[in-house]
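Below is one structure, written out as structure tokens; the observations come after it.
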Amino acid sequence: MEFLQSGAGVRTVRLDPRTKIVLLFAVSTVLLLGGNGPAMFAVRTTMLLFPFALLAVSVRVRVAVLMLAAYLGTYALAVFAAPALSGVANAFVVASATVVSRFVPTLALAYFVFATTTVSEFMAAMARMRMPDWITIPLSVLFRFFPTLGEEARAIGAAMRMRGISPLRNGVTYVECALVPLMSCAVSIGEDLSAAALARGLGGPAKRTNVCAIGFGALDIAVIAVSAAATALLAASLTFPGAIA
Amino acid sequence: MNGGVREGAPVLLMDNVSFFYAGERSGAGVAGISLSLCAGELALLCGRSGCGKTTVTRLANGLAPHFYEGTVAGSVRVCGLDVARAELWETARLVGSVFQNPKSQFYNVDVRGEVAFGCENLGFDPADIERRVDDAVREFDLAPLLDASIFSLSGGQKQRVACASATATSPRLVVLDEPSSNLDFETIARLRAAIVRWKESGAAVLVAEHRIHYLDGLADQVIYLDEGRIAHRWSGEEFARLDDAERVRLGLRARSVADALRFPERSRLAPDVPSRSDDGRAGQTPRKAAKPEKPPIRFEKLTADYRKNGAFERALDVPSLELPQASVTALVGPCGAGKSTFAEAVCGLNRCEGTMEIDGERLGKRDRRRRCFMVMQNVNHQLFAESVLDEVLLGMTGDDRGQRALSILRDLDLDELAQAHPLSLSGGQRQRVAIAQALATDRPLIVYDEPTSGLDLAHMRQVAETIRGVRARDATQIVITHDPEFVLSCCTHVAMMENGRIADTFPLCEETANRLADLFLAYDRP
Amino acid sequence: MAHNSTAPSAAAKTGDRLGGKDLINIGIFTAIYFVVVFAVACLGFIPILMAAICGIIPLIAGIPYMLFLTRARKFGMITILGLLTGIIMFITGMGYFSIATGLICGLIADLIWKSGGYASASRAVLSHGVFSCWIIGNFLPFLITADTYLPTVRAQYGDAYVDELMTYLQPEMYPVLLIACFVTGIIGGFIGRAILKKHFERAGIA
């Protein structure tokens, strides 16, 4: 699975996980709240293109281009279809397109975050932020478990195709056929995973150390500055509508 | 570490230990286990499936009773530490563990992080961890993989990462629970090398294993468990001298490749399908030449690609291949040769091109999905229904389907389990349910992906017998396998794969058995 | 015999504190739960179905939830499940309101499950009904930020679209959505129990 290939070495952009959290927060806020006027339009556009740029420079140009194309395509569809259609058809096409174009940038950012953060870095960053085990451990397992579920789901999907089980022919049974083996496999992998992790001392009282070097560099500061500026501008434009126009 | 241990004192000391699981499904309990293992020694735990050998390894690394809950009696000490009472993280300082399933035992997504994981949890100094990780990476030849996602590694590579991760904390005791189950011959040779290094570095090694041939000459003690109790103890030399009949009686797999080739089933090469046995009897004309009734299954221009860094690379390239109908072909070859890709392409499950011709009918990818069937390595992926009977009926058509389903279940010795939930069955029974699915939908070609990984002798023979039974029903079968004993007990042909191509095919008979032997022996020692 | 003593079981030793095994279980089930939610939510890209996913998600999500409850025997596990689900929704761009609703609904669902001694079937179903209400967090942005969000949309896509959209997302729709989440959550709970009995208990993993 290409998603979540956390190569520790081949990364042109090395951001601290905490920077990524700040960025996630800023992009999410700006895209959600929007704001009006050309100035905010510029801010929104900047924050929106940020994820694609990060994806592109961190070895994943193809994915970045594909996602950007999806974004621009749906955006154009929404803008050009709006005047041409009316009533339900209008709402249907435009809203589908807006929903897609609204989520693609954040999904691109999520992709970037998952693909460039190793479990070790993540745990180190969480420790620096004094996050307790009960949030760090489940989150780190979550990171690792998505690709596992993907692998299992693919194998189960192949088995279903071989048996001719399809959503059209089997309807609700299809969901059951997919979920039951997926969950039983996930549970047994989870059991093994827990045993292996605990046998290697996870969750002990010793203060966990980390080999990976995390910390803020020039790039982190730049990203945080841009995020902070965008959020501040947004706050200003919301508090004093018209002041920034 | 732990300098308080006297020179020569046992690293692992079990004294009359018993353990019973709280939940009945977690495993087999053990009783009266006593065992003493010194630095640099290897103890091999063997016995039939369900004899409790895995439980003994869990007692040694503390997972029983701290993870698998239950009641423990007696004492388990590792370098003086009372493992049954100490917390798991205390035990983790002394004991390194490698488990059966390579894909479910890693916590990180990157290789480097995974190797360092144990050290980080134990709070070692980062500079020290760096050094340990570098050492382990060198020792297990992981440098080319350091930047890879663990999800992109093969099973053998994952197992190497697991070994490196266990080594990095410099454990006094290394515990391995069926580490070779999912490995091919080449990777097993590396596993052997790792074990040799652990022994040389003064660690004690405890291995529970079915496939024991790769430990030939390494075991200092061999402990045979039966129903949770120690039934036999041998020194390494005594075990090597044990005669074959006795070994087979105890249900043990081959102790060495030579053993495998002396395997009693060998005398039954290409044996018991009476209707067409005149061409296959030991060491005579190849089956291909002497079978006029049905044309062979023919594959043409079978190719498959996989995507790597955005570009497509050819993973499979088989210009043409013929398989006699009702034959059983063993597909062998090193890890990464494209065996699984071939199997998926045959069943039309991956991105592939090419056709299959059977009885004059040409089948494209979509048709093959309906006509071929794969019994997957993890058979749980293909069990969907709430009872064995429903599982077989799913996809069957015709008014007499109930009748036919029951008759298939009878043939596969599953009729008594017709109402049981497929997931409540044993591994072997589940596998037969999958085979029943194939028979129920009249698939002329069935492919098996490593059907005997992690099986003891009795279960391996059971699979072989099932495959011979399926053969009697005229289905053609392909078996991906790394198991010489198994090949000799039920296969009629051998196809060798290398670099995505079929390098060689030959019918299996008395003379060609030696070619098979060469093949396996070549991997046996690096 | 001196050495013939019984070690305390792991549960007794860790007491009510969440151990490593519990925390890993939470992570695994959050992953399964999220995959189900996400798969269903993809249907929601069609906007008329967007409100309807409120009703569809809990029907299916009840299956992993009920299996999770067989592992949640300590207080806090459901709360963390809710919180993490919210965090993942935030990361994938659904806004941060789900973090709050996930935390709150998770906490109440946890208390309900606890009040049944971690074994009551009816409390399990009720717990899922309440837990499912977190989904409303995905729609809150439209309500809370309507003043700033809608003019932007209106400027971009025209009045017709906004008017159409608003017929689905009137403020008075929110209580309806909330009730829909709860009711389908209850139904999903029953479905989950049924699947648990039909498959997972017989398979020995429940």
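The values are calculated or read from the model by the stated rules, or taken from the named source; none is laboratory data. The shown structure was predicted, so the numbers you read here are calculated from the model rather than taken from an experiment. Cβ placement follows ideal geometry from the backbone for every residue including glycine, while neighbour counts extend to all protein chains displayed.
Under 6 Å by Cβ, and 6 or more places apart or on different chains, what pairs join a residue from the range C:28-43 that is at the interface with another protein chain (Cβ under 9 Å from one of its Cβ atoms) and buried (at least 19 other Cβ atoms within 10 Å of the Cβ) with one that is in a helix (DSSP H, G or I) and of a type in the set (Phe, Trp, Tyr)?
Pairs that qualify, where the first residue is at the interface with another protein chain (Cβ under 9 Å from one of its Cβ atoms) and buried (at least 19 other Cβ atoms within 10 Å of the Cβ) and the partner is in a helix (DSSP H, G or I) and of a type in the set (Phe, Trp, Tyr), are C:Ile28/A:Phe145; C:Phe29/C:Phe68; C:Ala31/A:Phe145; C:Ala31/A:Phe146.
Residue by residue, here is whether (1) more than 7 Å from every other protein chain (Cβ to nearest Cβ); (2) more than 23 Å from A:Val65 (Cα to Cα); (3) surrounded by 22 or more Cβ atoms within 10 Å (Cβ to Cβ) holds:
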position: A:Phe80; (1), (2), (3): yes, no, no
position: A:Ala84; (1), (2), (3): yes, yes, no
position: A:Ala89; (1), (2), (3): yes, yes, no
position: A:Val100; (1), (2), (3): no, no, no
position: A:Phe103; (1), (2), (3): no, no, no
position: A:Leu109; (1), (2), (3): yes, no, yes
position: A:Phe114; (1), (2), (3): yes, no, no
position: A:Leu139; (1), (2), (3): no, yes, yes
position: A:Phe143; (1), (2), (3): no, yes, yes
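Output the residues belonging to the range A:32-51 that are crowded, with 20+ Cβ neighbours inside 10 Å and assigned to a helix (DSSP H, G or I).
Passing the criteria: A:Leu32, A:Leu33, A:Met40, A:Val43, A:Arg44, A:Met47, A:Leu48, A:Phe50, A:Pro51.
Could you please give the count of residues in the range B:379-401 that are at pLDDT below 90 and not polar (S, T, N, Q)?
Selection size over the range B:379-401: 7.
Sort out for me the strands (runs of 3 or more DSSP E) sitting completely within the range B:148-245 that have 3 or more residues that are farther than 29 Å from A:Phe146 by Cα and out of contact with any helix residue (DSSP H, G or I) (no Cβ under 7 Å at 6 or more places or on another chain).
B:221-226, B:229-235
Please work out which residue is surrounded by the most Cβ atoms within 10 Å (Cβ to Cβ), limiting yourself to the range A:213-245 and to residues that are at pLDDT below 80 and not in a helix (DSSP H, G or I).
Going through the qualifying residues, I end up with A:Ile244.
Within the range A:152-175, how many residues are out of contact with any Leu (no Cβ under 8 Å at 6 or more places or on another chain), surrounded by 16 or more Cβ atoms within 10 Å (Cβ to Cβ), more than 7 Å from every other protein chain (Cβ to nearest Cβ) and closer than 20 Å to C:Tyr33 by Cα?
Within the range A:152-175, residues that are out of contact with any Leu (no Cβ under 8 Å at 6 or more places or on another chain), surrounded by 16 or more Cβ atoms within 10 Å (Cβ to Cβ), more than 7 Å from every other protein chain (Cβ to nearest Cβ) and closer than 20 Å to C:Tyr33 by Cα number 1.
When the residues of the range B:148-164 are narrowed to those that are in contact (Cβ under 8 Å) with a residue 60 or more places away in the chain and out of contact with any strand residue (DSSP E or B) (no Cβ under 8 Å at 6 or more places or on another chain), which ends up surrounded by the fewest Cβ atoms within 10 Å (Cβ to Cβ)?
Out of the qualifying residues, it is B:Ser154.
Mind counting the residues in the range C:68-83 that are crowded, with 23+ Cβ neighbours inside 10 Å and outside any helix (DSSP H, G or I)?
1
Exactly one condition in (1) closer than 19 Å to C:Thr92 by Cβ; (2) touching a residue at least 60 places away in the same chain (Cβ under 8 Å); (3) of a type outside the set (Ser, Thr, Tyr) is false for A:Met123; which is it?
A:Met123 satisfies every listed condition except (1).
Considering only residues that are among the polar types (S, T, N, Q) and part of a helix (DSSP H, G or I), which ones fall in the range C:84-133?
Result: C:Thr85, C:Ser98, C:Thr101, C:Ser115, C:Ser122, C:Ser127, C:Ser132.
Using the structure shown, decide if B:Glu465 is in the same structural domain as B:Glu313 (by TED's automatic domain parsing), within 19 Å of the chain's Cα centre (by Cα) and surrounded by 19 or more Cβ atoms within 10 Å (Cβ to Cβ).
When the stated conditions are applied, B:Glu465 does not pass them.
Given the condition facing chain A (nearest Cβ under 10 Å), under 20 Å from A:Glu191 (Cα atoms), out of contact with any Leu (no Cβ under 7 Å at 6 or more places or on another chain) and free of Cβ contacts under 8 Å to residues at least 40 places away in the same chain, answer yes or no: does some residue in the range B:91-98 qualify?
no
Is there a residue being among the aliphatic types (A, V, I, L, M) and within 15 Å of the chain's Cα centre (by Cα) anywhere in the range B:511-519?
no
Would you confirm whether or not the range B:429-448 contains a residue that is in contact with a strand residue (DSSP E or B) (Cβ under 6 Å, 6 or more places away or on another chain) and within 30 Å of B:Ala245 (Cβ to Cβ)?
Scanning the range B:429-448 turns up at least one residue that is in contact with a strand residue (DSSP E or B) (Cβ under 6 Å, 6 or more places away or on another chain) and within 30 Å of B:Ala245 (Cβ to Cβ).
Select from the range B:99-124 the residues that are of a type in the set (Asp, Glu) and within 7 Å of chain A (Cβ to nearest Cβ) and write down the one among them that is nearest to A:Phe146 (Cα to Cα).
Here the answer is B:Asp110.
Restricting to the range A:176-193, and then to whatever is free of Cβ contacts under 8 Å to residues at least 40 places away in the same chain and within 7 Å of chain B (Cβ to nearest Cβ), can you tell me which residue is nearest to A:Met160 (Cα to Cα)?
Ranking the qualifying residues of the range A:176-193, first place goes to A:Cys177.
What are the residues in the range B:47-65 that are touching a Lys or Arg at 6+ places or on another chain (Cβ under 8 Å) and free of Cβ contacts under 8 Å to residues at least 60 places away in the same chain, if any?
Listed by number, the list holds a single entry, B:Ala64.
Exactly one of (1) in contact with an Asp or Glu (Cβ under 7 Å, 6 or more places away or on another chain); (2) more than 14 Å from chain A (Cβ to nearest Cβ); (3) at pLDDT 90 or above is unmet by B:Met376. Its number?
(2)
Which of the residues that make up the range B:453-480 are at pLDDT below 90 and within 15 Å of B:Phe185 (Cα to Cα)?
B:Ser453, B:Gly454
Within the range B:468-494, can you find the residues that are crowded, with 23+ Cβ neighbours inside 10 Å and among the small types (Gly, Ala, Ser)?
Across the range B:468-494, the qualifying residue is only B:Ser489.
For a quick check of your reading: which helices (runs of 4 or more DSSP H) sit entirely within the range B:369-482 and have at least 2 residues that are touching a residue at least 60 places away in the same chain (Cβ under 8 Å)?
Those helices (runs of 4 or more DSSP H) span B:427-440, B:457-472.
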